[in-house]
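Visitor: Questions regarding the structure given below will be posed in turn.
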Protein chains: 2
Amino acid sequence: MRADAEANREKLLDAAAGLFAEQGVEAPFALIAERAGVGKGTLYRHFADRDAVIVGLGERARARFAEIGEEAASVASAWDAILVYIDGVVAMYVDMPWLVAIRPRARQLVPLDESAEEAMSAIIDRAWAEGSLRDDVDLDDLQYVPALLSGLVDLPEPRRATVLARLRAIVLDGLRPENAPRMPLRERASGQSTA
Amino acid sequence: MRADAEANREKLLDAAAGLFAEQGVEAPFALIAERAGVGKGTLYRHFADRDAVIVGLGERARARFAEIGEEAASVASAWDAILVYIDGVVAMYVDMPWLVAIRPRARQLVPLDESAEEAMSAIIDRAWAEGSLRDDVDLDDLQYVPALLSGLVDLPEPRRATVLARLRAIVLDGLRPENAPRMPLRERASGQSTA
DNA sequence: TTTTAACCGGACATGAGAGTCCGATTAGAA
DNA sequence: TTCTAATCGGACTCTCATGTCCGGTTAAAA
């Protein structure tokens, strides 16, 4: 692949990510090319259709996911490693809210990254040994905690940050063994109640 | 409004709900009329555009939301009332997954129902008195618990039911006061692990 | 039953997004 | 530097969803 072609592919994916964040995954396809500063022909050369773009973005997300697994694995406390994992994946959802929308499609198109799962599996064993994770909760549950919190990403700022922080603490408390102390909940800024 | 016109309006909303459930909120507008068994003119007479349909569906959801508030208020145990509320709203998300997609738009278009909020507020006071709800959790948190669980609705069945049940229990445990016993987690059907 | 006004339905015009094509250009090798 | 093949860009066509319009029909009142 020619060097400029490779660069264009990256520019197109960057543009798609930005466009999807602003207008959603149904944004006009041609705008991707425009924003990337390339012609329509170039766009179609690299990506046959919208699904191909989603696959490309899905692969990037998968790579980021694997990185988070590595980061978590390098943390000494297994409980803290779990926090790194959860917060890392939730940050992905916050940065790329369209991940929620492509999730059903991406599930079929992009193979899962197994290295992160293996890393988390080892971390869970350590957390059980530490006594920091309730023992009837396993990878199949933890795996979905970020998806859970992703249900809050479409809240308008500054509400989202507060609600996310508070409910994150509540969910984490539910993952702790019985009798573990509750996590303190982040204070709400004044005037930020239901209204 | 003529009786048949009123009936057509309901048929159109039913059709839209079904269509959105199958194809998403971006389904071709005209299909709503086709599925409702009426002409396009009738559709546009009742609903100027997609947003108007969303408002109509949003109002139905609001009415259902108020009903859930009443149901919850009539439950003796405040904690059980909270479960009725959460499960009721989550059931709405399961039946109408497109609610997630219209949430940002509906937030601006459809006024919130205040009666359900008032009912929940009273229930929370009772739950605090009962000692069944941790005292640093309030309406502003509980309000978002269903949205939290809505992050799981796009999982394919039969996975969704199990994951939803397990994470529901985990979240609820996080809402309990310190030292409350954990809720038992629903067993997973065999062969239903990560795969 | 008659009247009338509102309602119904589908044909039609309009516009926007999707996808194709080919001449011009440029990267990379000799 | 020269050559060549792959790449680029944007004009063009086509398809399809949107929204309008008006003659026919039907509900409801007198």
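Visitor: List the number of the failed condition for B:Leu142; all other conditions in (1) within 21 Å of A:Asp154 (Cα to Cα); (2) within 9 Å of another protein chain (Cβ to nearest Cβ); (3) crowded, with 16+ Cβ neighbours inside 10 Å hold.
Guide: Going through the list (1) within 21 Å of A:Asp154 (Cα to Cα); (2) within 9 Å of another protein chain (Cβ to nearest Cβ); (3) crowded, with 16+ Cβ neighbours inside 10 Å, B:Leu142 breaks only (2).
Visitor: Can A:Glu10 be described as more than 9 Å from DNA strand C (Cβ to nearest atom) and either closer than 24 Å to B:Glu26 by Cβ or out of contact with any strand residue (DSSP E or B) (no Cβ under 8 Å at 6 or more places or on another chain) (or both)?
Guide: Values: more than 9 Å from DNA strand C (Cβ to nearest atom): yes; either closer than 24 Å to B:Glu26 by Cβ or out of contact with any strand residue (DSSP E or B) (no Cβ under 8 Å at 6 or more places or on another chain) (or both): yes.
Yes; evaluated as a whole, the condition is true for this residue.
Visitor: A further question follows. Consider A:Ala5 against the criteria (1) out of contact with any helix residue (DSSP H, G or I) (no Cβ under 6 Å at 6 or more places or on another chain); (2) under 25 Å from B:Leu155 (Cα atoms); (3) surrounded by fewer than 17 Cβ atoms within 10 Å (Cβ to Cβ): it satisfies all of them except one. Which criterion is unmet?
Guide: The single condition A:Ala5 does not satisfy is (2).
Visitor: If you check A:Gly58, A:Gly39, which single one turns out to be away from DNA strand C (no atom under 16 Å from the Cβ) and either at negative phi or in contact (Cβ under 8 Å) with a residue 60 or more places away in the chain (or both)?
Guide: Details: A:Gly39 fails: away from DNA strand C (no atom under 16 Å from the Cβ).
Answer to the selection: A:Gly58.
Visitor: Is it fair to say A:Ala76 is within 17 Å of the chain's Cα centre (by Cα), away from DNA strand C (no atom under 14 Å from the Cβ) and among the hydrophobic types (A, V, I, L, M, F, W, C)?
Guide: Working: within 17 Å of the chain's Cα centre (by Cα): no; away from DNA strand C (no atom under 14 Å from the Cβ): yes; among the hydrophobic types (A, V, I, L, M, F, W, C): yes.
In short, no.
Visitor: Does A:Met92 satisfy being within 14 Å of chain B (Cβ to nearest Cβ), aliphatic (A, V, I, L, M) and away from DNA strand C (no atom under 14 Å from the Cβ)?
Guide: Working: within 14 Å of chain B (Cβ to nearest Cβ): yes; aliphatic (A, V, I, L, M): yes; away from DNA strand C (no atom under 14 Å from the Cβ): yes.
Here the answer is yes, as A:Met92 does meet what is asked.
Visitor: Could you please give the count of residues in the range B:22-36 that are of a type in the set (Gly, Ala, Ser) and either within 7 Å of DNA strand C (Cβ to nearest atom) or within 14 Å of chain A (Cβ to nearest Cβ) (or both)?
Guide: Initial filter on the range B:22-36 (of a type in the set (Gly, Ala, Ser)): B:24, B:27, B:30, B:33, B:36.
Retained after the next criterion (residues that are either within 7 Å of DNA strand C (Cβ to nearest atom) or within 14 Å of chain A (Cβ to nearest Cβ) (or both)): B:24, B:27.
Final tally of qualifying residues: 2.
Residues are listed down the side, and each one gets a yes or a no for (1) in contact (Cβ under 8 Å) with a residue 40 or more places away in the chain; (2) on the phi < 0 side of the Ramachandran plot:
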site	(1), (2)
B:Ala119	yes, yes
B:Gly131	yes, no
B:Val137	no, yes
B:Leu172	yes, yes
B:Glu178	yes, yes
B:Pro181	no, yes
B:Pro184	no, yes
B:Arg188	no, yes
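Visitor: Looking only at the range A:97-156, which residues are under 20 Å from A:Gly56 (Cβ atoms) and either assigned to a loop (DSSP other than H, G, I, E, B) or more than 19 Å from the chain's Cα centre (by Cα) (or both)?
Guide: A:Pro97, A:Val110, A:Pro111, A:Leu112, A:Asp113
Visitor: Among what's in the range B:157-176 and is more than 8 Å from chain A (Cβ to nearest Cβ) and not aliphatic (A, V, I, L, M), pick the residue that is surrounded by the fewest Cβ atoms within 10 Å (Cβ to Cβ).
Guide: That would be B:Glu157.
Visitor: Please identify the pairs in which a residue from the range A:1-13 that is within 6 Å of DNA strand D (Cβ to nearest atom) has its Cβ atom under 7 Å from the Cβ atom of a residue that is not in a helix (DSSP H, G or I), counting only partners at least 6 apart or on another chain.
Guide: A:Asn8/A:Val38
Throughout, read-outs are computed from the coordinates displayed, never taken from laboratory work. None of the values given here were measured: they were computed from a predicted structure. So basically every Cβ, Gly included, is an ideal-geometry build from the backbone, and we count neighbours across all protein chains shown.
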